1. Please list, in order along segment 186-201, the HN-Hα scalar couplings obtained from phi with the Karplus expression 6.51 cos²θ - 1.76 cosθ + 1.60 (θ = phi - 60°), rounded to whole Hz, x for Gly and Pro.
2. Based on the Kirkwood radius over alpha-carbon pairs, what value in µm²/s does the Stokes-Einstein equation return for the translational diffusion coefficient of segment 16-218 at 10 °C and 1.306 mPa s?
3. Of Lys110, Lys66, how do they rank once you tally other Cβ atoms within 10 Å and put the fewest first?
4. What does a probe at Phe25 reach in segment 40-84, counting residues whose amide N is under 18 Å from the point 7 Å along Cα→Cβ?
5. Compute the distance in nm between two label points, each set 7 Å from the Cα along the Cα-to-Cβ direction, one at Thr197 and one at Gln73.
6. Starting from the 7 Å offset along Cα-to-Cβ, what nm value, one decimal, do you get for the label separation of Leu38 and Arg142?
7. Place a point 7 Å from the Cα of Ala105 along the Cα-to-Cβ direction; which residues of segment 76-93 have their backbone N under 17 Å from it?
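All of the numbers you see were taken from the coordinates with simple rules; none came from a lab. These figures come from a predicted structure and were not determined experimentally. All Cβ positions, even for glycine, are placed from backbone atoms using ideal geometry, and neighbour counts span all protein chains on display.
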Amino acid sequence: MAAFASRPAQPPSADAHMGYGMEQFHHPRPVRIRDGSLMRPTPQRELLLRGLTGLVAELGAGDGVKLTCYPAQVQEITLIEEDPFLREIARAAAADLPITARILAGTPAKVPVPEGVFDAVVCSLILCSAPHPQAVLAEVRRILRPGGQLRFYEHVRSSNPALALTEALLTPLWSRAAGGCHPDRDIPSAIQQAGFTLQRVHRFTFDHVSHVLGTAHPA
């Protein structure tokens, strides 16, 4: 499993009127940063999406601004969102962009599409928050085509034993305050247990919390 560094891979978005956006509503972390008068993806989102092509699904719509961050080689983007308010916000964002986008009602564990549809599925701060992450990963496997890939960006349990213990102690309170987020989960292990092979894994600290960002393929 090799770490991979961030670098710009596509022109910045000029849709500055859309603002910084958010990864997920329960994790209002920006998906874009300002570069002079333009906007470009954050290093984390650029790395998450780099090289994607074909038909891509992302679980959780945020406010839809993340649609501006996808590479031009992506043929169609499908956002899966349970909340009707967020679906409407995402649809409004998609209407202003020269991309093909679908915003569907569904949950991370129940996506309303046939099996084997997508070339890639993106989970950004979803597996750390899902009540049953294994159910989400099983659904990801179902909707991926053969040879497809999972892209993930999640909180993860610290490799430092003292910090990991602190995360475990804080998780019950943190979870209630942060939309069900569990910063003490071992996300890479959960992905492997769900039948995926990890291809690229990048571990880092953001806002003093351990994170993991990478790629996996169904075994």
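1. Per residue, the Karplus-derived 3J(HN,Hα) values read 8, 5, x, 5, 4, 5, 5, 5, 7, x, 9, 9, 6, 9, 9, 9 Hz.
2. Here the translational diffusion coefficient equals 93 µm²/s.
3. Lys110, Lys66
4. 58-67, 79-84
5. 2.1 nm
6. My value for the distance between the label points is 4.1 nm.
7. Only 79-92 pass the distance filter.
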